[in-house]
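Scroll down for the structure; my scribbles are underneath it.
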Amino acid sequence: MNIDILTGNQLAQLDQLISNAQNIIITCHKSPDGDALGSSLGWAEYLRMRGKEVTVIVPDQYPDFLHWLPNTDKVVRYDKHKEKCDMLFKIADLVFCLDYNTPSRVDEMEQALLSTPAERVLIDHHLKPDVPTVLTISYPDLCSTSELVFRIVWQLGGFEELKKHFAAPIYCGMMTDTGGFTFNSTRPEIFFIISQLLTKGIDKDRIYRNVYNNYSENRIRLMGYVLYEKLVVLSEYHSAFYTLTKEEQKRFHFIKGDAEGLVNIPQQIKGLKLSISLREDTEKPNLVWVSLRSADEFPCNKMAEQFFNGGGHRNASGGRVNGTMEDAVETVRNAITAFGDTLK
């Protein structure tokens, strides 16, 4: 199966950029998820195989259920080590921007990213990329940035030499960005890639358990509380939403990652087309984070763009509301009404 994705000129340019660089930085977006971290760690493994000094710098904390990934001990958090990271950006030869389409998504790291003298390369699968680069590799139709990294490594001829430390994070990134291969994952190329990753000896069942069966008791109780007490189902519109306030997060000893996957659960309701999560930021006032999931052809990314200062993919998107939780709930109801004809 042909899974090549770069043109001959792109492939030659990327290969030359890597050959010419020695100190390389890999960056990903704020609040790294499985795909952001998985694609970064996988790409770092390939670059290290080529003899490069590589540092993965993330803007802030990533969920506990991703700490098992190989080489997470080498990841540097910008919010914890700003001076060190700023220095690394200044001396870097090449910076890779993985799994984000615009500089603001790296949050407080944005200035360091934009002011680095190093050349930048974007590898991403989100719409409308606008990061200033010498090479932009953007394929929004792919399931994940991890899939894109695999295809690039394959085309560069590096896959055969790589082992589990490459295959495990790439598989994890593809798995998490498709909800365990339940959406945006119908193309046969995806399963060809999985078959190749399995040749490296990874245990895909254990990877699933490490991610999805690795929560605290508090997270399980929070999930039950949200589904029983907080879920609002709008049957007429085949939609549901729930809210999670600061106080509720404190009550259930919320840690980063505890909300992961919650927004998917209401989709188990027969006929549901749209599920929305509203979660208050625990540190910043008047900020509510929004996650959207949809089924089939409903474009939740369009809703995210129009109502929630966000965007993403057709069936999985995110955004925010700058206001109170009451403002966020009103915005959700307005958004659902605005898309009512499609949802009905």
Open item on the list: Take residues that are open to solvent by less than 50 Å² (accessible area, probe 1.4 Å), of a type in the set (Lys, Arg) and within 18 Å of Thr243 (Cα to Cα) and tell me which of the helices (runs of 4 or more DSSP H) falling wholly in the stretch 268-344 contain 2 or more.
Closed with: none
Task: Residue that is nearest to Gln61 (Cα to Cα), among those in the stretch 24-41 that are crowded, with 24+ Cβ neighbours inside 10 Å and out of contact with any Leu (no Cβ under 8 Å at 6 or more places or on another chain) - done: His29
- [ ] Exactly one condition in (1) of a type in the set (Val, Ile, Thr); (2) farther than 30 Å from Arg219 by Cβ; (3) in contact with an Asp or Glu (Cβ under 8 Å, 6 or more places away or on another chain) is not met by Val121; state its number.
- [x] (3)
- [ ] Please list, ordered by first then second residue, the pairs with beta carbon atoms under 9 Å, 6 or more apart or interchain, first in the stretch 99-116 and within 12 Å of Cys85 (Cα to Cα), second in a helix (DSSP H, G or I) and open to solvent by less than 10 Å² (accessible area, probe 1.4 Å).
- [x] Met109/Cys85; Met109/Phe89; Ala112/Cys85; Ala112/Phe89; Ala112/Val106; Leu113/Phe89; Leu113/Val106; Thr116/Phe89
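Determine whether Tyr237 is free of Cβ contacts under 8 Å to residues at least 40 places away in the same chain and surrounded by 15 or more Cβ atoms within 10 Å (Cβ to Cβ).
no
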TODO: Could you grab the pairs with beta carbons closer than 6 Å, sequence gap of 6+ or different chains, first residue in the stretch 184-206 and part of a helix (DSSP H, G or I), second one of a type in the set (Val, Ile, Thr)?
DONE: Glu189/Ile3
Task: Total residues in the stretch 31-51, condition among the charged types (D, E, K, R) and part of a helix (DSSP H, G or I) - done: 3
- [ ] Go through the residues of the stretch 234-248 one by one and say whether even a single one is within 19 Å of Asn213 (Cβ to Cβ), part of a helix (DSSP H, G or I) and not β-branched (Val, Ile, Thr).
- [x] no
- [ ] Kindly establish whether Leu47 is at pLDDT 95 or above, farther than 30 Å from Asp258 by Cβ and either in contact with a Cys (Cβ under 6 Å, 6 or more places away or on another chain) or open to solvent by less than 10 Å² (accessible area, probe 1.4 Å) (or both).
- [x] yes
- [ ] Scan the stretch 93-150 for residues that are open to solvent by less than 60 Å² (accessible area, probe 1.4 Å), closer than 26 Å to Pro188 by Cβ and aromatic (Phe, Trp, Tyr) and report the count.
- [x] 1
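Does at least one position in the stretch 57-69 carry a residue that is under 24 Å from Asp141 (Cβ atoms), touching a residue at least 12 places away in the same chain (Cβ under 8 Å) and among the polar types (S, T, N, Q)?
no
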- [ ] Might you check whether a residue that is among the acidic types (Asp, Glu) and open to solvent by less than 60 Å² (accessible area, probe 1.4 Å) occurs anywhere in the stretch 65-85?
- [x] no
Open item on the list: Residue under question is Lys90, and the condition is that it be charged (D, E, K, R) and modelled with pLDDT under 95; does it hold?
Closed with: no
Open item on the list: Every residue in the stretch 131-166 that is part of a loop (DSSP other than H, G, I, E, B) and under 15 Å from Ile3 (Cβ atoms), please.
Closed with: Tyr139, Asp141, Leu142, Cys143, Ser144, Gly157, Gly158
Open item on the list: Quick check on the stretch 167-216: of everything there that is modelled with pLDDT of 95 or more and of a type in the set (Asp, Glu), which residue is surrounded by the most Cβ atoms within 10 Å (Cβ to Cβ)?
Closed with: Glu189
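The values are calculated or read from the model by the stated rules, or taken from the named source; none is laboratory data. Since we're looking at a predicted model, the values are computed, not measured. Because the Cβ atoms are built from the backbone with ideal geometry, glycine has one as well, and the counts that use them run over all protein chains shown. Heavy atoms of the whole protein, side chains included, go into the accessibility calculation; ligands, DNA and RNA do not. Shrake-Rupley method; radii C 1.70, N 1.55, O 1.52, S 1.80 Å.
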